[in-house]
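For reference, the structure discussed in these notes is given below.
The values are calculated or read from the model by the stated rules, or taken from the named source; none is laboratory data. Being a predicted model, the structure only gives us computed values, none of them experimental. Counting neighbours? That spans all protein chains shown, and the Cβs are built from the backbone with ideal geometry, glycine included.
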Amino acid sequence: MDKTIIVEKKEYSLKKPILITGLPGIGLVGQVAARYLIKKMKGVKVAEIYSPHFPHQVLMGKKGLLRMLKNSIYKVPTPKRDLLVIVGDVQAITSVGQYEVADAILEYVYEKGVRRVITIGGYSTGKMEKERKVFGSANNKRVMEEFKKKGIVFGETKGAIIGVAGLLPGLARLRKMDGVCIMGETHGNYVDSTSAKNVLEKLSEILEFKIDIGDLEKEAKTREKVIRKIEGEIEQQMTGSPKDITYIR
């Protein structure tokens, strides 16, 4: 294999398709949101992405079988349109690889009729806020204004969007496709189910579909309690108060 390939698992058709990606990244916000979306909306796997730019290893399963690292594409039906949702094990490990994989994805989905790309991820602030914003960055003003009306915050973020989350909307513009990255505000050092929930709520509002986020809310509350307990114990250590400190190894 000398380039990225996309292997279709079944024939399928699409209605007004939009691409959604949630690959591993900051706080795993995009990954958690995308996988939950697929599960709750009964997504069906339609293709798999393999690339020589993924890490040079395979995963060993409990039953003795191994498999290649991959990204998977799911068709997720909603009342007004179909979503192509990409989730996966990894991202490409080099700059050249990131561009090659992103371009292969765009070429594939363009042929399927996709003209809008939405990537989801996390925006790290280094703080655990109770109320967390959902930020956005778009590849054209028209899309930015459209998403602003739904409460996505533009213009408050700075820096770079690393990996597929940034490259897909960026390269989409060269193909005259709309592109936007939606980012849930997050600490950055934890798996953030709360930010994933916030992003998913905004996404469902923008794309006009209903999704039961009850299970994700429960998971978010559980994680919040654990994280705040850990932070409290760390603070006790820093202030020299060893009472009741526990250690997680």
Just one of 10, 63 is touching a strand residue (DSSP E or B) at 6+ places or on another chain (Cβ under 9 Å), charged (D, E, K, R) and at pLDDT below 95; which is it? 10
Tabulated pairs, the range 160-189, first over 23 Å from residue 89 (Cβ atoms), second acidic (Asp, Glu), C-beta under 8 angstrom, 6+ apart or interchain: 172/178; 185/129
Please find, within the range 184-242, the residue that is nearest to residue 123 (Cα to Cα) out of those that are among the small types (Gly, Ala, Ser) and modelled with pLDDT under 65. 232
When the residues of the range 151-182 are narrowed to those that are among the basic types (Lys, Arg) and at pLDDT 95 or above, which ends up surrounded by the fewest Cβ atoms within 10 Å (Cβ to Cβ)? 176
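Results for (1) closer than 18 Å to residue 50 by Cα; (2) surrounded by fewer than 18 Cβ atoms within 10 Å (Cβ to Cβ), shown as yes or no for each residue.
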{"position": "87", "(1), (2)": "yes, no"}
{"position": "94", "(1), (2)": "yes, yes"}
{"position": "100", "(1), (2)": "yes, yes"}
{"position": "116", "(1), (2)": "no, no"}
{"position": "121", "(1), (2)": "no, no"}
{"position": "132", "(1), (2)": "no, no"}
{"position": "137", "(1), (2)": "no, no"}
Residue satisfying all of: in the range 81-96; outside any strand (DSSP E or B) and either closer than 17 Å to residue 12 by Cα or acidic (Asp, Glu) (or both); farthest from the chain's Cα centre (by Cα) among these: 81
Considering only residues that are of a type in the set (A, V, I, L, M, F, W, C), in contact with a helix residue (DSSP H, G or I) (Cβ under 6 Å, 6 or more places away or on another chain) and not in a loop (DSSP other than H, G, I, E, B), look in the range 194-218 and name the one that is surrounded by the fewest Cβ atoms within 10 Å (Cβ to Cβ). 216
Filter the range 1-31 for residues that are hydrophobic (A, V, I, L, M, F, W, C), more than 20 Å from residue 44 (Cα to Cα) and within 18 Å of the chain's Cα centre (by Cα) and give the result. 26, 28, 29
What are the pairs with Cβ atoms under 8 angstrom where one residue, in the range 101-129, is without any contact (Cβ under 8 Å) to a residue 60 or more places away in the chain and the other, located anywhere, is surrounded by 15 or more Cβ atoms within 10 Å (Cβ to Cβ) and not basic (Lys, Arg)? Sequence gap at least six, or different chains. 129/185
